[in-house]
Amino acid sequence: MPAQGSRSSTLRKTRAVRDAVNDYREKCKRDQPPCWLCGQAIDYETTDPYSPDSLQVDHMFPVSTHPDFAADQENMRPSHAGCNLSRGNSMTLPELGTTSCDWEALATT
């Protein structure tokens, strides 16, 4: 049985996944949303795929752990290459920030 990492690598190369990722990438270039991980603008003009500010289509649920979502655009998010590489294969979601109030304390009073 192949290692899980090799299965996800093979899955990413299927035509259906490549087409879905390329379609999502074109939508991102058109709409120019910010990075879902840090909230900052992505450099949609760069032609350097190794630039940490370039667009990289990220899978919110990693392909290695959720292969059924590989071609699902609802699972895709725009990210900086650097942010996506830093996140790696984790399920870490972006922080929402500091709340305006201690809502937990208010709920118990």
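Of the residues making up the range 61-81, those that are under 20 Å from residue 29 (Cβ atoms) and either surrounded by 17 or more Cβ atoms within 10 Å (Cβ to Cβ) or of a type in the set (Val, Ile, Thr) (or both) are 71, 75, 76, 77, 78, 79, 80, 81.
Among the residues in the range 8-15, are any modelled with pLDDT of 90 or more and in contact with a helix residue (DSSP H, G or I) (Cβ under 9 Å, 6 or more places away or on another chain)? Checking the range 8-15: not a single residue is modelled with pLDDT of 90 or more and in contact with a helix residue (DSSP H, G or I) (Cβ under 9 Å, 6 or more places away or on another chain).
Condition first: of a type in the set (Phe, Trp, Tyr) and outside any loop (DSSP other than H, G, I, E, B). Now tell me which residues in the range 40-93 satisfy that. Please lay out each step first, then the result.
Going residue by residue through the range 40-93, those that are of a type in the set (Phe, Trp, Tyr) are 44, 50, 61, 69.
Of everything in the range 40-93, just one residue is of a type in the set (Phe, Trp, Tyr) and outside any loop (DSSP other than H, G, I, E, B), namely 69.
Within the range 23-48, if we keep just the residues that are free of Cβ contacts under 8 Å to residues at least 40 places away in the same chain and touching a Leu at 6+ places or on another chain (Cβ under 9 Å), the residue that is surrounded by the most Cβ atoms within 10 Å (Cβ to Cβ) turns out to be 42.
The values are calculated or read from the model by the stated rules, or taken from the named source; none is laboratory data. Nothing here was measured: the structure is a model prediction, and the numbers come from that model. Don't worry about glycine lacking a Cβ; one is built from the backbone with ideal geometry, like all the others, and counts go over all protein chains shown.
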